[in-house]
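K.L.:
My questions all concern the structure below.
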Amino acid sequence: MNELLSLKDKNYVLSGGTGTLGGSIAKYLVENGAKVLLLGRSEDKLKDKQEELNTLVSESTFIFKVDVMDEGELTTLKNKIKEDFGHLDGLVNLAGGNIPGATVKPDQTVRDIAMSDTRKVVDINLFGTVVPTVILSELMVEQGFGSIVNISSMAAKQTISRVLGYSMAKSAVDIFTKWMANELASKHGDKIRVNAVAPGFIIGNQNRRLLTNEDGSFTERGNSIIKNTPMGRFGDASELNGMVHYLLSDASSFVTGSIFDVDGGFTSFSGV
Ligand SMILES: NC(=O)c1ccc[n+]([C@@H]2O[C@H](COP(=O)([O-])OP(=O)(O)OC[C@H]3O[C@@H](n4cnc5c(N)ncnc54)[C@H](O)[C@@H]3O)[C@@H](O)[C@H]2O)c1
């Protein structure tokens, strides 16, 4: 592979590494010569994913039971990476998601939102990105290089009905991406970069029930999304790989503080 895009012998931490998007990106990275350090909360899911990826490429995948909001666990992880791996080339913050109580269903009003669930959703989607970034970027500052990729959403820039807490958190992830990019580059040099990818709609565990019926047909919401996506389809998780690869690699050496839509045209379309 071209030197600029080479992932060989690079170490990448992926939070949410056993999820739909995290699992797909992890597979792509190991197939292209990188080592992945997967973070998750379920030991069983981590072990299953490790076995799957190590079968594809031996000794490519390392697992850590870490809650991305736990500063202590992340500090221990940071020290372990330094000791066992020597350097960290990148971090992809994929942990996130929604919970039903934090959404407004079609027959509800905003008064039905559970504030405690809404706070939890803001916590996982915002602080679940902020805490790993702040702690693991210390390693990047020490070694003088590193690329961080956050995962934003279509819900960050414009209103998407029902998902108030999630939208607020992902908007905050966008400004955090820009803020950290500025902070790290201006104080620690041009080799530490922070960007975000805003995926369009990709069917996974989190949104399957919202977008598809049991028989596989699309729900009203699913159809409405397709109608507003010029490409006329949902994305596939593998379609994020190219953008993540670009942002992790030296091919994007002058790119920081940017948010990239990978959405089949959804954001660019007015609906008319
Ligand atoms: N699928 C989509 O269409 C889509 C679109 C835009 C953005 N996203 C975002 O992409 C990211 C990944 O989404 P996905 O579809 O793969 O979801 P997913 O539910 O399959 O994966 C998310 C993972 O995060 C983990 N996680 C949650 N809280 C955690 C915590 N406190 N500590 C450690 N891990 C934790 C979950 O266990 C899960 O493995 C999320 O941030 C999501 O909001 C997804």
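The values are calculated or read from the model by the stated rules, or taken from the named source; none is laboratory data. As the structure is a computational prediction, the values presented were derived from the model and not from experiment. Heads up, the Cβs are rebuilt from the backbone with ideal geometry, glycines too, and the neighbour counts pull from every protein chain shown.
K.L.:
Please list, ordered by residue number, the helices (runs of 4 or more DSSP H) wholly in the range 139-240 having 1 or more residues that are under 17 Å from the mean Cα position of the chain (by Cα) and polar (S, T, N, Q).
P.N.:
Answer list for the range 139-240: 164-188.
K.L.:
Report yes if some residue within the range 75-93 is under 18 Å from GLY22 (Cα atoms), near the ligand (Cβ under 10 Å from one of its atoms) and either assigned to a strand (DSSP E or B) or not assigned by TED's automatic domain parsing to the domain that holds ILE192 (or both); otherwise report no.
P.N.:
Looking for residues that are under 18 Å from GLY22 (Cα atoms), near the ligand (Cβ under 10 Å from one of its atoms) and either assigned to a strand (DSSP E or B) or not assigned by TED's automatic domain parsing to the domain that holds ILE192 (or both), one finds at least one in the range 75-93, hence yes.
K.L.:
Here's a follow-up. Taking the range 46-60 only, how many residues are of a type in the set (S, T, N, Q) and within 12 Å of the ligand (Cβ to nearest atom)?
P.N.:
Looking only at that region, the number is 0.
K.L.:
Still on this structure, please answer the following. In the list THR133, THR129, THR109, which residue meets the criterion of being β-branched (Val, Ile, Thr) and closer than 16 Å to GLY22 by Cα?
P.N.:
After applying the criteria, what remains is THR129.
K.L.:
Another question, if that's okay. Has the range 182-191 got any residue that is crowded, with 20+ Cβ neighbours inside 10 Å, on the phi < 0 side of the Ramachandran plot and not polar (S, T, N, Q)?
P.N.:
yes
K.L.:
Can you tell me which residue within the range 192-211, out of those that are over 15 Å from THR129 (Cβ atoms) and away from the ligand (no atom under 12 Å from the Cβ), is surrounded by the fewest Cβ atoms within 10 Å (Cβ to Cβ)?
P.N.:
That would be ARG209.
K.L.:
Among the residues of the range 25-72, count how many are among the aliphatic types (A, V, I, L, M) and part of a strand (DSSP E or B).
P.N.:
5
K.L.:
Assess whether ILE135 counts as being more than 9 Å from the ligand (Cβ to nearest atom), without any contact (Cβ under 8 Å) to a residue 60 or more places away in the chain and not hydroxyl-bearing (Ser, Thr, Tyr).
P.N.:
No: the conditions fail for ILE135.
K.L.:
Let me ask something additional. If you take the residues in the range 99-117 that are among the hydroxyl-bearing types (Ser, Thr, Tyr) and surrounded by fewer than 20 Cβ atoms within 10 Å (Cβ to Cβ), which one is farthest from the ligand (Cβ to nearest atom)?
P.N.:
THR109
K.L.:
Quickly run through the range 171-219 and pick out the residues that are among the basic types (Lys, Arg) and either under 30 Å from GLN143 (Cβ atoms) or modelled with pLDDT of 95 or more (or both).
P.N.:
Of everything in the range 171-219, those that are among the basic types (Lys, Arg) and either under 30 Å from GLN143 (Cβ atoms) or modelled with pLDDT of 95 or more (or both) turn out to be LYS178, LYS187, LYS191, ARG193.
K.L.:
Among the residues of the range 1-45, write down those that are within 15 Å of the ligand (Cβ to nearest atom), over 14 Å from ASN241 (Cβ atoms) and surrounded by fewer than 23 Cβ atoms within 10 Å (Cβ to Cβ).
P.N.:
Within the range 1-45, ARG41, SER42, GLU43, ASP44, LYS45 meet the criteria.
K.L.:
Let me ask something else about it. Any chance the range 170-177 includes a residue that's closer than 26 Å to SER6 by Cβ and not acidic (Asp, Glu)?
P.N.:
Yes, the range 170-177 contains at least one residue that is closer than 26 Å to SER6 by Cβ and not acidic (Asp, Glu).
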